[in-house]
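Worksheet: the structure to be examined is printed underneath.
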Amino acid sequence: RSMSLNNLATALGTRFNLTGAQGDLEERIRLLTEALYLRPPGHRDRGSSLINLAKALSSRYDRTGSEHDLGERVRLLTEALRYCPPGHMFHCNALISLANAFGNRYERTSERHDLEEKIQLLQEALSHRPPGHPDHALVLENLRLASRYRYMYHLSRGDYESIPVLSKELDLLRG
């Protein structure tokens with residue numbers, strides 16, 4: 001049953017992306033919540049269910065700015081990392097998604113801790129996306145921007161030194 005709920009939620013997500021119908025997104029969230037309930041702690045597919053629900057909440061957050069959805073994303077993705085350890089096929093995606101959630105929260109609250117979490121998660125993600133990986137440049141750019149924010153708004157000396165290095169690597173990747 002949980003697989004069927006996930007499949008239906010995926011179809012609703014596709015339709016939402018095409019039409020923007022809020023009802024499709026709300027139904028997707030409801031189905032993914034039910035699917036997660038059917039995959040209790042310890043279930044082998046719980047990690048993917050946590051990530052799927054967090055992504056749906058991210059879509060709703062983008063539309064509504066709901067602080068509750070943002071907090072739930074952080075909670076769900078933090079739990080997902082316990083089910084998707086290094087080497088798991090969803091580990092890096094969970095890291096990047098959680099980094100983005102912390103980035104959204106930093107934009108909302110300006111709490112330095114959230115920016116620090118984002119940078120730490122992106123550094124770890126970059127170690128799983130080495131040069132040559134299709135996502136390497138994207139993770140590197142996000143890390144450079146987060147480091148730049150930390151330097152500009154919190155005067156972090158380490159960022160002052162690392163930003164040119166990250167920028168140079170990006171320039172080399174772009175050719």
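The values are calculated or read from the model by the stated rules, or taken from the named source; none is laboratory data. No experiment lies behind these values; they were computed from the predicted model shown. Neighbour counts run over all protein chains shown; Cβ positions are idealised from the backbone, glycine included. Surface areas here come from the heavy atoms of the whole protein model, side chains and all, with no ligands, DNA or RNA. Shrake-Rupley method; radii C 1.70, N 1.55, O 1.52, S 1.80 Å.
Rounded to the nearest 10 degrees, the inclination of helix 67-83 to the longest alpha-carbon principal axis of the chain is 90 degrees.
With N the number of residues in segment 14-98, Rg(Cα) / (2.2 N^0.38 Å) evaluates to 1.07.
The modelled label-to-label distance for the pair Arg108/Ser4, using points 7 Å beyond Cα in the direction of Cβ, is 3.5 nm. Using R0 = 25 Å, the C-beta based FRET efficiency linking Arg75 and Gln123 works out to 0.70.
Qualifying trypsin sites (Lys or Arg not before Pro) in segment 1-72, where qualification requires a DSSP coil assignment and no more than 12 other C-beta atoms within 10 Å, comprise Arg1, Arg44. Here the accessible area is traced with a 1.4 Å probe on the protein chains. For the chain, carbon and sulfur cover 53 percent of it. Under the classification rounded if a/c is under 1.5, otherwise prolate if a/b is larger than b/c and oblate if not, where does segment 70-132 fall, given a ≥ b ≥ c as square roots of the Cα gyration tensor eigenvalues? Cα axes put segment 70-132 in the oblate bin. Mean-square fluctuations from a GNM of the chain, with a 10 angstrom spring cutoff on Cα atoms, peak among Leu77, Leu115, Leu38 at Leu38. Take the Cβ atoms of His133 and Arg30, set R0 to 45 Å, and the FRET efficiency comes out at 0.80.
Each eigenvalue of the Cα gyration tensor of the chain, multiplied by 5 and square-rooted, gives one semi-axis; in descending order these are 31, 18, 15 Å. If I fit a long axis through the Cα atoms of helix 112-128 and take the longest principal axis of the Cα atoms of the chain, what angle between them do I get, 0 to 90°, rounded to 10? In the chain, helix 112-128 runs at an angle near 90 degrees to the longest axis. A DSSP coil position with no more than 13 other Cβ atoms inside 10 Å describes the following GluC sites (Glu not before Pro) in segment 58-134: Glu111.
Assuming charge only on the beta carbon of Lys and Arg (+1) and of Asp and Glu (-1), the dipole of the chain about its Cα centre is about 240 debye to the nearest 20. Charge tally around Ala11: other residues with Cβ under 13 Å, Lys/Arg +1 each, Asp/Glu -1 each, net 0. Simple spin-label estimate for Arg82 and His43 gives 1.6 nm between the two label positions (7 Å along the Cα-to-Cβ direction from each Cα). If one takes the longest principal axis of the Cα atoms in the chain, at what angle in degrees, from 0 to 90 and to the nearest 10, does the Cα axis of helix 46-64 lie? With rounding to tens, the tilt is 80 degrees.
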